[in-house]
């Protein structure tokens, strides 16, 4: 029995054709299967994207007061102060569509197994589109302009990229300052060592905004398998053997990251964070995420009253000659930078100390 039709407890024998089944149940089963796949996709993206989508086309991050309280005499009051500093973020809303060419004859002869292959193919392309949109916003350090039919031109930001935005002071400073979380390196990825430790550099960038660096902040590092051997050779690397158990005062505790990490967790860099191999990360780049604060990206979707979906894959069925066809699919969502300080990327593909965008995301 295929997974798609097992959801609806339908017989998926090779000798049963989709056409002979209850068409409403077939459609319902497909919807349920797609919804399950949408949820799994969001679990994988949970590290990067805030779990609750927004319907706003634009939002604003506001900063609090900085500096020190004024010391005055008992007969005086301090000069009025007000908070300053903020950054605007905006989100695109892109429309994706996929069609599969299936004739009425092919559909009439189609078995549940064959229909499952069609649906799985669309789900794969949908997942690829969503993953690319997320990683593009992480790896590409330039602004984009999105032309919104209803709101005009919107400026879509990446994570902190050294522009003129002022962010909260780092430890050791009382003044807001610009920030660049796209890092270059003076050494190649193959030269990662106890002396050339990119995890410490990325960690410092992620925790120095008002956080005590002596506290073990939950960070995640995503790498390509090409960087596995040199990472595991670091003195501070502790292999991950699931389940990782830590002795507590009253009971043992399972040590796990606070968010789902895509890929395969291979270990922990002491004092810095978890390391996961995810081969969608290009060889020569490392992505770090601070899991103690909101995610670096946010997803925009259509307002619920439009009935256009919540950012997941939507099946657009058609009925022709009494046969329900599943050849039209739609995906509507957009990804933009939000908490621009909670991720950082290091480029170790060359040794020129400059950040270069991976070819796939230029």
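Readers should treat all values here as calculations from the given coordinates under stated rules, not as data from a laboratory. Computed from a predicted model, the values in this text were never measured in an experiment. Virtual Cβ from ideal backbone geometry, glycine too; neighbours counted across all protein chains shown.
Given a Förster distance of 35 angstrom, what is the FRET efficiency for residue 330 paired with residue 264, based on the Cβ-Cβ distance and rounded to 0.05?
Values: r = 32 Å, r/R0 = 0.92.
Step by step, r from the Cβ atoms, then E = 0.60.
Mind sorting 145, 111 by how few other Cβ atoms lie within 10 Å of their own Cβ, fewest first? Walk me through the intermediate numbers first.
Details: 145 10, 111 16.
Starting with the residue having the fewest Cβ neighbours, the order is 145, 111.
Each peptide among 190-200, 229-239 gets the average number of other Cβ atoms lying within 10 Å of its residues, and from highest to lowest they stand as 190-200, 229-239.
Once both labels are positioned 7 Å from their Cα atoms along Cα-to-Cβ, the gap between residue 241 and residue 200 label points is 2.8 nm. Using a simple spin-label model with pseudo-atoms 7 Å out from Cα toward Cβ, residue 177 and residue 109 lie 7.0 nm apart. Fewest neighbouring Cβ atoms within 10 Å first, the residues 71, 58 line up as 71, 58.
Sorting 308, 93 on the 10 Å Cβ count, fewest up front, what's the list? Don't jump to the answer; show the numbers that get you there.
On the way: 308 15, 93 22.
Least to most surrounded, the residues fall as 308, 93.
Computed extension length for residue 232-residue 149: 24.9 nm, one decimal, from 0.36 nm per residue of separation with the Cα-Cα distance subtracted.
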